[in-house]
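What follows is a set of notes on a single structure, which appears directly below.
The values are calculated or read from the model by the stated rules, or taken from the named source; none is laboratory data. Every value quoted in this text rests on a predicted model; they were computed, and no experiment measured them. Here the Cβ positions follow ideal geometry from the backbone for every residue, glycine too, while neighbour counts run over all protein chains shown.
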């Protein structure tokens, strides 16, 4: 994994992680909450199916024992049960209800459909026998008994279906809680990481500023020490430090060169002065010899000329050192 060393990269990375995590939490929470709303609607429909089976059985027993032929409530309850069962099996686009979310629920819906078909067949036979002019007491009693028996089985399976939908919705709710807790923990870790990175950046910048202050306050520029940073320092700080170190190395090199040249020129000037004194002694001794005096005078002129040139060179080097000192002082004044 490539470790980001730029301050801007670190800040962008932390910001991107925060934005991505917050967006994920918001989008996932909204989506799952919407799903829970739809799940609540589905659970309500499934729970109503359980109530309808009881209503149908109760209406049949009431009709049977009171010998009435009013099947309005019975037909209404059957139609409502059929519509609810179709909604659970095939979904409802207008209400935002999808098909069975799991294979287990789908299989249970198939089982409930089979039981309903048998139960509904008994209900239809009951209506025919109750409406018939020819009373068939034994067949009617057998049909009522079958309705009672199948109603209990149908009720148990519808209750099981409601439990499945409820558990599925609770699983989603638990997932939302787990996701939120996990996201909170990740946000906390990211916060700690952000503080650590900012602390590291602050430490590196502080080291750089301390060195800069020391450089400004240092009056001795004869041997400036380049700044040394940690290996994990940010690239922006390293780049600025390299520029300052390059400038310091040039100053150290120029000051060292000028000091060495000045020392050498001073030594040469001293030697030439000694030679001049020796020539003066020789000239005194040979002042009566005109030819020798002439050549010696020429040699003396050459030595004097060389001495003057060396003295001029020494002055120029001295001026160079002064200019370098002024340059350092100007830099210090600008930084202060």
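Here is a list: 142, 146, 130. Which entry is more than 58 Å from the chain's Cα centre (by Cα), without any contact (Cβ under 8 Å) to a residue 12 or more places away in the chain and surrounded by 14 or more Cβ atoms within 10 Å (Cβ to Cβ)?
Numbers: 146 fails: without any contact (Cβ under 8 Å) to a residue 12 or more places away in the chain; 130 fails: without any contact (Cβ under 8 Å) to a residue 12 or more places away in the chain.
Being more than 58 Å from the chain's Cα centre (by Cα), without any contact (Cβ under 8 Å) to a residue 12 or more places away in the chain and surrounded by 14 or more Cβ atoms within 10 Å (Cβ to Cβ) holds for just one of 142, 146, 130, which is 142.
Scan region 91-121 for residues that are free of Cβ contacts under 8 Å to residues at least 40 places away in the same chain and more than 20 Å from residue 160 (Cβ to Cβ) and report the count.
Let us first name the residues in region 91-121 that are free of Cβ contacts under 8 Å to residues at least 40 places away in the same chain, namely 91-94, 99-100, 103, 106-107, 110, 113-114, 116-118, 121.
Narrowing the set further to residues that are more than 20 Å from residue 160 (Cβ to Cβ) leaves 91-94, 121.
Qualifying residue count, region 91-121: 5.
I'm checking my understanding of the structure. Among residues of region 89-110 that are loosely packed, with under 14 Cβ neighbours inside 10 Å and over 42 Å from the mean Cα position of the chain (by Cα), which one is farthest from residue 146 (Cα to Cα)?
Residue satisfying both the conditions and the ranking: 107.
Go over the candidates 114, 48, 12 one by one and state the one that is within 37 Å of the chain's Cα centre (by Cα) and assigned to a helix (DSSP H, G or I). Walk me through it before giving the result.
On the way: 114 fails: within 37 Å of the chain's Cα centre (by Cα); 48 fails: within 37 Å of the chain's Cα centre (by Cα).
Unique residue meeting the criteria: 12.
Take the residues in region 133-174 that are touching a helix residue (DSSP H, G or I) at 6+ places or on another chain (Cβ under 9 Å) and outside any helix (DSSP H, G or I); name whichever of them is nearest to residue 68 (Cα to Cα).
135
Checking the structure you have, find out if any residue of region 65-74 is in contact (Cβ under 8 Å) with a residue 40 or more places away in the chain, surrounded by 16 or more Cβ atoms within 10 Å (Cβ to Cβ) and in a helix (DSSP H, G or I).
Checked region 65-74: at least one residue is in contact (Cβ under 8 Å) with a residue 40 or more places away in the chain, surrounded by 16 or more Cβ atoms within 10 Å (Cβ to Cβ) and in a helix (DSSP H, G or I).
Is it true that residue 24 is assigned to a helix (DSSP H, G or I), surrounded by fewer than 15 Cβ atoms within 10 Å (Cβ to Cβ) and at pLDDT 90 or above? Reasoning before the result, please.
Working: assigned to a helix (DSSP H, G or I): yes; surrounded by fewer than 15 Cβ atoms within 10 Å (Cβ to Cβ): yes; at pLDDT 90 or above: no.
The answer is no for residue 24.
Counting only residues that are out of contact with any helix residue (DSSP H, G or I) (no Cβ under 7 Å at 6 or more places or on another chain), in a helix (DSSP H, G or I) and farther than 18 Å from residue 73 by Cα, how many does region 117-132 have?
Going residue by residue through region 117-132, those that are out of contact with any helix residue (DSSP H, G or I) (no Cβ under 7 Å at 6 or more places or on another chain) are 117, 121, 124, 127-128, 131-132.
Filter again for in a helix (DSSP H, G or I), leaving 117, 121, 124, 127-128, 131.
Now narrow it down to the ones that are farther than 18 Å from residue 73 by Cα: 117.
Residues meeting the conditions: 1.
Condition check: assigned by TED's automatic domain parsing to the domain that holds residue 161 and touching a strand residue (DSSP E or B) at 6+ places or on another chain (Cβ under 8 Å). Does residue 55 satisfy that? Walk me through it before giving the result.
On the way: assigned by TED's automatic domain parsing to the domain that holds residue 161: yes; touching a strand residue (DSSP E or B) at 6+ places or on another chain (Cβ under 8 Å): no.
So residue 55 does not fit the description; no.
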